[in-house]
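One structure below.
The values are calculated or read from the model by the stated rules, or taken from the named source; none is laboratory data. Just so we're clear, the structure is a prediction, and the values are computed from it rather than from any experiment. Here the Cβ positions follow ideal geometry from the backbone for every residue, glycine too, while neighbour counts run over all protein chains shown.
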Amino acid sequence: MILDGLLTSPLMAELKTPLLEQIASACHTKDFQEGDVLCHQNDVAHSVWLVLHGWVKLTRETLDGGDAVWDVLGTGHLVGLETLTPPFTNTTRAVAVSDTTTLVIPHSVLRQLIDTHGEFARLVLKHVLRQQQDERLEIEHRTHQTAPQRIGCFLLKLAGTPAKGKVDIQLPFDKGLLAARLGMQPETFSRALAKLKQETGLRMTGAHVEMDDVDALRAYTCGACSGTYPCHGHA
C-alpha cells in the first residue's frame, strides 16, 4: 500500500525502485479529520505529507491576523515539499478540509537522500521549480483573467486533461473555500459563476457540475492565459 501510495506523486513516480523502496520503509500512513492541523506556519519541518485521499488547505497568516488561502491540495500532491530547501521551515499552515489520509515521509530521510543521491536532488529541484512556475501563472491569471475565466480554469483542471465532449464533475469542497482559493469574495464568486453559466452553458446543481461541451469552456477560459492546453497545473 505504501509503495502504491508513493507512486501517486509525480515526483516519486520518477524514482527508481530501490530508492522508492528506501523511502517507503521509512513512511507510515496517518488519517486526519476535517479541521485537523498537519503543520503550522514557520515551525521547523519534521515531515512531508503525501495526500492519498481527501483535501488539505494551505493558508498563510496575514498582517491583521487572518488567514489567506494559498492552495488546496488533493490526491498525489506533496504538502511541504518546499521545506526541503533552506530554511527548512513550514511556509504555510496545512489543515485538512475533509477526512484525509496521508503518507507521512520523515523530513530527515528526504534531506539525507538529497545529500547523497544527486538524481533525487535534481528531481526535487525540478518539482519545486514547477511549483514556482504554477504560482507565477496563478499571479498572471489574477491579473489578466476575468473572475468567470478563473472559475472556468479551475473546472477544466478538475475535469482532467485533455477532456472532450460532455463532462460531469463534482466540486471537491464547498464554494466558500473555492472562492477563497481563487482569490475572490463570496459575492464576487457568485456573480462570476452566473456569468460563466451564461457564456458557456455550464449547469451546476449543488456541488454537481455539467458541461455539454467542454470545448466551449476551454475556448472561453484559455484565451487569456499564456499557457497551453492541457496544462500541468492542478485544480
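The table below gives the values:
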{"item": "The stretch 130-189: number of residues that are polar (S, T, N, Q), over 18 Å from Leu217 (Cβ atoms) and crowded, with 19+ Cβ neighbours inside 10 Å", "result": "0"}
{"item": "From the options Thr116, Thr100, Thr161, Thr89, residue that is at pLDDT 95 or above, of a type in the set (S, T, N, Q) and under 16 Å from the mean Cα position of the chain (by Cα)", "result": "Thr100"}
{"item": "Qualifying position, being over 29 Å from Ala68 (Cβ atoms) and either of a type in the set (Asp, Glu) or in contact with a Phe, Trp or Tyr (Cβ under 9 Å, 6 or more places away or on another chain) (or both), among Asp215, Asp174", "result": "Asp215"}
{"item": "Check on Glu82, of a type in the set (D, E, K, R), under 20 Å from the mean Cα position of the chain (by Cα), in a loop (DSSP other than H, G, I, E, B) and at negative phi", "result": "no"}
{"item": "Considering residues of the stretch 17-68 that are without any contact (Cβ under 8 Å) to a residue 24 or more places away in the chain and of a type in the set (Ser, Thr, Tyr) only, the residue nearest to Thr100 (Cα to Cα)", "result": "Ser25"}
{"item": "The stretch 1-40, residues that are surrounded by fewer than 19 Cβ atoms within 10 Å (Cβ to Cβ) and assigned to a loop (DSSP other than H, G, I, E, B)", "result": "Met1, Leu7, Thr8, Glu14, Lys16, Ser25, Ala26, Gln33, Glu34, Gly35, Asp36, His40"}
